[in-house]
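Working notes, beginning with the structure itself.
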Amino acid sequence: PDAAETRFDIAATLEPARDVGGDLYDFYLLDEHHLFFVVGDVSGKGLPASLFMVVTKALAKSVALRGAEGVAAIVAATGRELARENPESLFVTLVAGILDTASGEVELCNAGHDAPWKLGAGGTAEHVYVEGGPPLCVLDDFAYGATRLRLAPDETLCLITDGITE
């Protein structure tokens with residue numbers, strides 16, 4: 001985000017298991033008050049996973065910026081687009097969200113990914129149940145759901161990939 005941004009902070013670390021990998025993250029403002037973010041992991045390793053990761057990021061951004069209504073619609077449309085050209089039969093797990101920067105409300109959708117964590121200022125950590133469904137490219141035209149939660153100014157939403165849990 002812009003260095004002058006004060007409504008939220010973002011921090012990310014990405015260390016692939018090989019020279020290239022399939023883990024992904026991205027974030028961007030959809031408009032003045034809505035931040036879209038995604039963290040995911042493509043099945044497999046190496047160049048095929050890395051290329052599918054790039055396509056996933058590009059499609060998610062394209063769908064989100066075209067104005068899909070809500071995060072579940074963005075995830076579902078991204079999955080449909082990915083499934084059209086998937087000769088390697090890869091799949092993608094991900095958690096995507098839209099943060100309302102004015103209210104702190106977050107709308108989340110989970111496509112077969114590790115659950116996010118909500119971290120409190122006092123050091124508390126709790127898994128956040130997020131409605132969703134299977135990884136992208138596993139079931140055609142799955143109707144994903146979404147979960148809403150509100151973050152207090154002193155709370156952090158932490159999204160991870162399986163590199164943390166493994």
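Values quoted throughout were computed directly from the atomic coordinates according to the rules given, and no laboratory measurement underlies them. Not measured: the values here are computed from a predicted model. Cβ placement follows ideal geometry from the backbone for every residue including glycine, while neighbour counts extend to all protein chains displayed.
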Problem - Nearest 10 degrees, 0 to 90: helix 71-84 Cα axis against the chain principal axis - result: 10
Problem - Hydrodynamic radius (Kirkwood) for the chain, which is based on Cα pairs only, to one decimal in Å - result: 16.1
Handout entry: Within-9-Å neighbourhood charge of residue 26 [Cβ basis; K, R +1; D, E -1]
Key = +2
Problem - the range 78-166: proportion of alpha-carbon pairs further apart than 24 angstrom, % - result: 28
Completion exercise
Summed over the other residues with a beta carbon less than 14 angstrom from that of residue 80, with K and R at +1 and D and E at -1, the charge totals -2
Exercise for the section: Filter the chymotrypsin sites (Phe, Trp or Tyr not before Pro) in the range 74-166 to those in DSSP coil with at most 13 other Cβ atoms within 10 Å of their Cβ, and list the result. Expected result: 129
Exercise for the section: Within the range 33-93, report the trypsin sites (Lys or Arg not before Pro) that DSSP leaves as loop and that have at most 16 other Cβ atoms within 10 Å. Expected result: 45, 66
Practice task
Assign unit charges at the C-beta atoms only (+1 for Lys and Arg, -1 for Asp and Glu), then state the dipole size of the range 37-156 relative to its Cα centre in Debye, rounded to the nearest 20.
Solution key: 260
Fill in the blank from the handout: Only helices counted: for the chain, with every DSSP H run of 4 or more residues adding -39500 (n - 2.57) and the sum spread over all residues, [θ] at 222 nm is -7000 deg cm²/dmol
Handout entry: Among 116, 134, 87: highest mean-square fluctuation, GNM of the chain, C-alpha pairs under 10 Å
Key = 87
Problem - GluC sites (Glu not before Pro) restricted to DSSP loop in the range 49-90 with at most 15 other C-beta within 10 Å - result: 69, 85, 88
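Note down the net charge around residue 39, summing +1 for each Lys or Arg and -1 for each Asp or Glu among other residues with Cβ under 10 Å from its Cβ. Could the numbers behind the result be given before it?
Numbers: positive: none; negative: 23, 26, 41, 114.
Once all neighbours under 10 Å are counted, the net charge is -4.
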Fill in the blank from the handout: The helix 46-65 Cα axis meets the longest alpha-carbon principal axis of the chain at an angle in degrees, between 0 and 90 and rounded to 10, of 50
